[in-house]
1. Could you check the spin-label model distance between residue 139 and residue 93? Points 7 Å from the Cα along Cα→Cβ, value in nm.
2. Give me the percent relative contact order of the chain, please, defined on Cα pairs under 8 angstrom at least 6 residues apart.
3. Calculate the translational D of the chain in whole µm² s⁻¹ from Stokes-Einstein, where the hydrodynamic radius comes from the Kirkwood formula applied to all Cα pairs, the temperature is 10 °C and the viscosity 1.306 mPa s.
4. For the chain, find the longest principal axis of its Cα atoms and tell me its angle to the long axis of helix 2-12, 0 to 90°, nearest 10.
């Protein structure tokens, strides 16, 4: 998939002399991010739009994902994400399986400090993402490798988060 998308990036590039006809360029971006998860304070849950509140699972707390650039520590996004459904695809002859998830997301405009101070010991472990993004017009395909961040990395990077 990655090779195919890289080929399409080259084919649609404006400076490509071999273009047969004009195409909307595909923009490629490679990002390395670190995600930290917090519980949304209970008082803030009532301010969520009805479309999001309707999809919330009452057995789970509402989470906010804060994404940081791994090199600079800059906050890239603060997102409330609600899982709608999963499709797990099992490949018995391969070493990897696949999950297709449908989610509702909305930007979290609240204060990061309130998330940090309300976070308890049940906070999910941080994760590192190595993401290749391909964007054309309104469409985006992300190929993402996710790994659990180790504790020593958290200590080193934590000075950027607060």
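Read-outs throughout are calculated quantities, based only on the coordinates presented, and are distinct from any laboratory measurement. As the structure is a prediction and not an experimental result, all values here were calculated from the model. Every residue, glycine as well, gets a Cβ built from its backbone with ideal geometry; the counts of neighbours run over all protein chains shown.
1. About 2.9 nm separates the two model spin labels.
2. Working: 251 pairs, mean separation 41.8, N = 162.
The normalised contact order for the chain reaches 26 percent.
3. Working: Rh = 18.4 Å.
D = 86 µm²/s.
4. Orientation of helix 2-12: about 60 degrees from the principal axis.
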